[in-house]
Amino acid sequence: MTKNNVLYYITFLFVISLFIYLFFLSTNYVINYWTFSQAHINYSDGFVKRGLFGSIALILENKLNIKFINTFNIFFILFYLTNIILYFKLIKKYSNHFLIFIFFALSPTLILFSFNDLGGFQRFDTISIFLILLHSFFVNLYRSKKNTFEKYRRNFIYIIFPIILISIFVHEIQCWSIPFHFFLIKAIFDEKKISLKGIFFYFFILLIASMFVFLYPVDQQTIISMIDKLPNRNLWTGAISVASSLEGNINIISYEIKTNLLNFYNFKINLFFLISGVIPINFIIFYLNKKKIIYIINKNIYFYFYLSIIPYLTFFAIGDTGRWLHLISIVSFGFLTQYPIFKNNHNLVKNKFSFLKFFIFIILIVYCFFIRLPHGGNLQEKKISIWGGLYKKFEAVYMIYFKETKEDKFNFNKRFKKN
């Protein structure tokens, strides 16, 4: 086993172990009370946004006696595990370049986002992330000549497309990833000089489904009746009401713009993570292509890249900015990782010491271990800065298990609700 493989497997096990701890914690506590409450939205009184998951989970509870919390936890555990495995499969090709590999493996805006800030854990964004990673993986197989064009096309039609379509009814956040999938497949069709006519049909269906979810009129009485049928569950009914109606989301836009765009303290933090989540990956794409380590045939790829992240820039109006910044980083990563690294350029750079590399290494360590991307909220009001990350989690473990403390943030019974 080479030293690069040792680095890869150690890092993979490290990241997996972090999330396994969260999975264990979620079997005793409801970590994300907001998402757990909203997950109960269902079709008992007619169509409402985000109602598919709750409808299925309630059927499993009523017909098969599978508790709602168990369905909820298993769903997220499976998706997080799948995403981590898929993500590390995609970054394995960078293990020969220590700095690039560590950046991807431990960046606070990428796979570790939801561990560093638990407000981003157990969100249905994980479906979008799964689809982005899976589609990038399929494209990578095609560009590596491990799959034919026809097989890639079938993978999109019979795997990617139906999962996107179904997931839109779980959470409408999936709609914002549709441009990524469109431009990823468009790049390949451009390169083969094939018309997109056969593919437009599938994106038209996704557009119709998205419009239906966003525009279908849901009256307040339907939502109230649905909530009334969920008694004795100790849910956050306000979260359910806001999420299941169009009006609830529109009403918060002016507040979120004022908070995230017009407040300089919050804006500069959002801008910092927007830059750190996009520019380094852009630079890596440019560098690897210039060195002919990857081959970019389509000159529009940078244009497609930026068009794909534009929908997520609406985070300034929608709130929870960290989640959107996280997804922007994942989209950026997806555009890079579609390209295989060719074996004749397997060693990306010569292993020579330089002060520039050492300086970059120090910055990277600070960035990966001492900085965290907050999931959202009024950062100034809550006195949240960019500082935190993995070292704060290790500090928390010490305070919880090895030192007596009366601080509420280290008391699980006070911070989370029991299952």
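The values are calculated or read from the model by the stated rules, or taken from the named source; none is laboratory data. Predicted, not measured: the structure shown is a model, and the values here were computed from it. Note: ideal-geometry Cβ built from the backbone for every residue, glycine included; neighbour counts use all protein chains shown.
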Check: Does residue 243 satisfy the condition of being part of a helix (DSSP H, G or I), modelled with pLDDT under 90 and surrounded by 12 or more Cβ atoms within 10 Å (Cβ to Cβ)?
Finding: yes
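Yes/no per residue for (1) under 24 Å from residue 239 (Cα atoms); (2) not charged (D, E, K, R):
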position	(1), (2)
253	yes, yes
256	yes, no
260	yes, yes
267	no, yes
275	no, yes
279	no, yes
283	no, yes
286	no, yes
293	no, yes
Check: Among (1) assigned to a helix (DSSP H, G or I); (2) without any contact (Cβ under 8 Å) to a residue 60 or more places away in the chain, which single condition is residue 217 missing?
Finding: (1)
Note to self: With the condition being hydroxyl-bearing (Ser, Thr, Tyr), I'd like the helices (runs of 4 or more DSSP H) fully within region 47-133 carrying at least 2 qualifying residues.
What the structure shows: 68-91
Item checked: Residue that is under 20 Å from residue 34 (Cα atoms), hydrophobic (A, V, I, L, M, F, W, C) and surrounded by fewer than 19 Cβ atoms within 10 Å (Cβ to Cβ), where the choices are 85, 77 -> 77
Next item on the list: Name every residue in region 104-130 that is more than 17 Å from residue 18 (Cβ to Cβ) and either among the polar types (S, T, N, Q) or over 13 Å from the mean Cα position of the chain (by Cα) (or both), in order of residue number.
Entry: 128
Next item on the list: Might you let me know whether region 363-381 holds any residue that is at pLDDT below 90, over 22 Å from the mean Cα position of the chain (by Cα) and not small (Gly, Ala, Ser)?
Entry: yes
Next item on the list: Would you mind telling me which numbered condition in (1) crowded, with 17+ Cβ neighbours inside 10 Å; (2) of a type in the set (Val, Ile, Thr); (3) closer than 19 Å to residue 51 by Cβ residue 185 fails?
Entry: (3)
Next item on the list: Note down all Cβ pairs under 7 Å where the first residue falls in region 94-120 and is at negative phi, the second is surrounded by fewer than 22 Cβ atoms within 10 Å (Cβ to Cβ) and of a type in the set (Gly, Ala, Ser), and they're at least six residues apart or on different chains.
Entry: 109/276; 116/388
